[in-house]
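S.K.: Encoded as structure tokens, here's the structure I'll be asking about.
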Amino acid sequence: MPESEILNQAFELGYTYTRSTGPVVGRFLTGLRDRKIVGIRASDGRVVVPPMEYDPDTAAELSEFVDVSSEGEIVSWAWVKHPREAHPSTEPFAWAMIRLDGADVPMVHWVQAGDESDLHTGARVRARWADETVGFITDIAGFELV
Amino acid sequence: MANLAAVVGIGQTKYTTKRDDVSIAGLVREAAQNALDDAGIGWDDIDAVILGKAPDMFEGVIMPEIYLTDALGCNGKPMLRVHTAGSVGGSTALVAASHVQSGAFNRVLTVAFEKQSESNAMWALSNPQPFSTHLNAGAGGYFAPIIREYMRRSNAPDDVGIKVAVKDRLHGARNPLAHLQRPDITMEEVKESFMLWDPIRFLESCPSSDGACAMVIANEELAEQSAKPPAWIRGVAMRSEPTMYAGREEVNPQAGKDCAADVYAQAGITDPRRDLDCAEVYVPFSWYEPMWLENLGFAPEGEGWKLTMEGATSLDEGGDIPWNPSGGVLSSNPIGASGMIRFAEAARQVRGDAGDHQVEGARLALGHAYGGGAQFFAMWVVGADKA
């Protein structure tokens, strides 16, 4: 019996999409362009960053924006010893949950650090802004230890 | 035997080319909030949420149900996403109805949407697939030869499609939510519009729209207490068949006929043209009106076009069985929502709440959606009376 051949075909699929960000996410992204980070107050009083359009508990429409600091502390992290091509840094770095001063919940971003032993829960970090900000999350070119 | 259920709230957005003032969440939320307001209830009164949309690739939002959980108040509640191509708005409404008819839930919110302006629905519809020939057709290209075959079989005059295109836009001009507002449209203008997919002209095709539609469906006890008249769900049916196989009847699909027979039997309908007061039927290309008139039993095979040409389906000509008084898919097409709009507009008619496109005295109406290669069918019959 001949050996079975397995079908194999190169396949690429891609389309262009656009996105309207609306009044809440749009305000957050516009803030980044101005090197500012804005959150939103949820129904229970917590400040959520990045801001959400609707309260995750009550479904209420949220609208009270709150400026938060571009400095904060690490809540938890995952060290990337061997960065890959798609990663934001060519050097070892950490994905981290960062609670910014003035916010009640952490947001995920990445932290540049020389060594994993430099990181700990509560370590202070500060946002590094891209040379050119365009209104996208990558306007924060990672966080660095303070 | 299923429990009784009824539509007690309906919410829609104004259908338009671009809603760049809102996110997808904001768009969906607007329709849902309008439906809650119409029902006179709040988010806490909803027991489950059933969401429908067209294929993920249409807008490039994979698993929108995850993203939309907050906007639709799903915290602590069951949420389910339904997907049956273009018929999804209809099948989503039916899944929502079954949640209540089963007795498992008292009151559910159902929502369907599409933001075509941010998408690539045209080509995402016929995306190349590995190990297959690339059709590269789009929806119109797929349906054009089927329409051509209908024209050949029925010997219908050339201008039937043109008449439907005008009729539905005149209906749409009565509906402030309709995307196209063309009270001045003429047969001549449609005829002279460019041939998009022979024999389908540009003005015989649906527009690309942004929009969302939502309904609240409640059990008998809650529906009886509702502030506005409920639309009682009198029959529900879905049928499917494979897209392509040798010998498939694509002009008059068996699944459509079977689906109609099922929903009519539940609603006690023996002659749909006589027994129903109006119908909201998925007609994205004009010739699908005469084709579905036959498929749904409003006319014998080969004679659907005669109803169209006589004006039987026209509100403006005083027809006995108006089809798509809201303007239909030919006037507004947010794809994922289009089926639900048909179902919701049928309900508006029997609630006596359809404004300037109200069919006078409507008591029983059909909502219809089809999708895929005319292979998924979803229908319901709603009435002003319980039985």
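S.K.: Please list, short to long, the whole-number percent of alpha-carbon pairs of chain A in consecutive 10 angstrom bins beginning at zero.
M.R.: Cα pair-distance distribution for chain A, in percent: 11, 32, 29, 16, 6, 4, 2, 0.
S.K.: Now a separate question. I need the Kirkwood Rh of the stretch B:215-324: take the reciprocal of the average 1/r across all distinct C-alpha pairs and report it in angstrom.
M.R.: On the way: mean 1/r = 0.0637 Å⁻¹.
15.7 Å is the Kirkwood radius here.
S.K.: Related question: Can you pull the mean other chain C-beta count within 10 Å for peptide B:19-27? Show your work: numbers first, answer last.
M.R.: Working: counts 2, 5, 4, 6, 9, 4, 6, 9, 2.
The shielding value for this peptide is 5.
S.K.: Within 10 Å of each Cβ in B:52-64, how many Cβ atoms from other chains are there, averaged over the peptide?
M.R.: Values: counts 0, 0, 0, 0, 0, 3, 2, 4, 5, 2, 0, 0, 0.
Per residue, the average neighbour count from other chains is 1.
S.K.: I want to make sure I understand the PRE zone here: with the label point 7 angstrom from the Cα of A:V105 toward its beta carbon, which residues in the stretch A:38-79 have backbone N atoms less than 13 Å away?
M.R.: In the stretch A:38-79, the label zone of A:V105 (backbone N under 13 Å from the point 7 Å along Cα→Cβ) covers A:39-60, A:62.
S.K.: What list of ³J(HN,Hα) values in whole Hz, one per residue of the stretch A:45-53 in order, does the Karplus curve 6.51 cos²θ - 1.76 cosθ + 1.60 (θ = phi - 60°) give from phi, with Gly and Pro shown as x?
M.R.: Karplus values, whole Hz, x for Gly and Pro: x, 5, 9, 9, 10, x, x, 10, 6.
S.K.: Per the Debye formula with a single identical scatterer at each Cα and no solvent contribution, what log10 I(q)/I(0) holds for the stretch B:86-136 at q = 0.14, 0.16, 0.23, 0.27 Å⁻¹?
M.R.: For the stretch B:86-136, the Cα-only Debye profile gives -0.59, -0.67, -0.86, -1.00.
S.K.: A further question on this structure: Fully extended, how many nm does the chain gain between B:A2 and B:Q129 (0.36 nm per residue separation, minus their Cα-Cα distance)? Please report the intermediate quantities before stating the final value.
M.R.: Numbers: separation 127, 0.36 × 127 = 45.72 nm, distance 4.12 nm.
So the chain would gain 41.6 nm between B:A2 and B:Q129.
S.K.: Still on this structure, I have one more. Under 18 Å from a point 7 Å along the Cα-to-Cβ line of B:D356: which residues of the stretch B:185-213 have their amide N that close?
M.R.: Hits in the stretch B:185-213 for B:D356 at 18 Å: B:185-186.
S.K.: Please enumerate, by chain and number, the lysines with C-alpha under 25 Å from the C-alpha of B:K228, excluding those fewer than 8 residues away in the same chain.
M.R.: Reachable lysines: B:K14, B:K386.
S.K.: Using only C-alpha positions, report the orientation-averaged shadow area of the convex hull of the protein assembly as shown, nm², one decimal. Could you put the intermediate results ahead of the total?
M.R.: Numbers: hull surface 122.0 nm².
Here the figure is 30.5 nm², rounded to one decimal.
S.K.: Also, I was wondering about something else. State to the nearest 20 debye the size of the charge dipole of the stretch A:22-145 about its Cα centre, where the only charges are +1 on K and R beta carbons and -1 on D and E beta carbons. Could you put the intermediate results ahead of the total?
M.R.: Working: 12 positive and 21 negative charges, 25 e Å.
Dipole of the stretch A:22-145, to the nearest 20 debye: 120 debye.
S.K.: Can you check what the net charge comes to around B:A255, using other residues whose Cβ is under 13 Å from the Cβ of B:A255 (Lys, Arg +1; Asp, Glu -1)? Write out the running numbers ahead of the final one.
M.R.: Numbers: positive: B:R239, B:R248, B:K257; negative: B:E241, B:E249, B:E250, B:D258, B:D262.
Combined, the nearby Lys, Arg, Asp and Glu give -2.
S.K.: Where does chain B land at 222 nm, in deg cm²/dmol rounded to the nearest 500, when only DSSP H runs of n ≥ 4 count, each adding -39500 (n - 2.57), divided by all residues?
M.R.: Working: 14 runs with 134 residues, N = 387.
My calculation for chain B gives -10000 deg cm²/dmol from helical runs alone.
S.K.: If we count every other residue with Cβ under 14 angstrom of B:P78's Cβ, Lys/Arg +1 and Asp/Glu -1, where does the sum land? Each step should come with its number before you reach the end.
M.R.: Working: positive: B:K77, B:R81, B:R107; negative: B:D47, B:E65.
Neighbourhood net charge equals +1.
S.K.: Right, another one. Over the Cα atoms of chain B, compute the convex hull volume and normalise it per residue, giving Å³. Let's see the in-between values first.
M.R.: Details: hull volume 49.7 nm³, N = 387.
Convex hull volume per residue, Cα atoms: 128 Å³.
S.K.: Ok, one more. Please report the antiparallel percentage of the DSSP beta bridges confined to the stretch A:22-145, to the nearest 5. Could you put the intermediate results ahead of the total?
M.R.: On the way: 28 of 30 bridges.
So the antiparallel bridges in the stretch A:22-145 amount to around 95 percent.
S.K.: Moving to a separate point now. Considering only DSSP beta bridges whose two residues both sit in the protein assembly as shown, what percent are antiparallel, to the nearest 5? Provide the component values of the computation, followed by the final result.
M.R.: Details: 66 of 83 bridges.
Approximately 80 percent, going by the DSSP bridge assignments.
Values in this text are rule-based calculations from the coordinates and carry no lab data. Fair warning: this is a prediction, and the values are worked out from it, not measured in the lab. Positions of Cβ are generated from backbone atoms using ideal geometry, with glycine treated the same way; all protein chains shown enter the neighbour counts.
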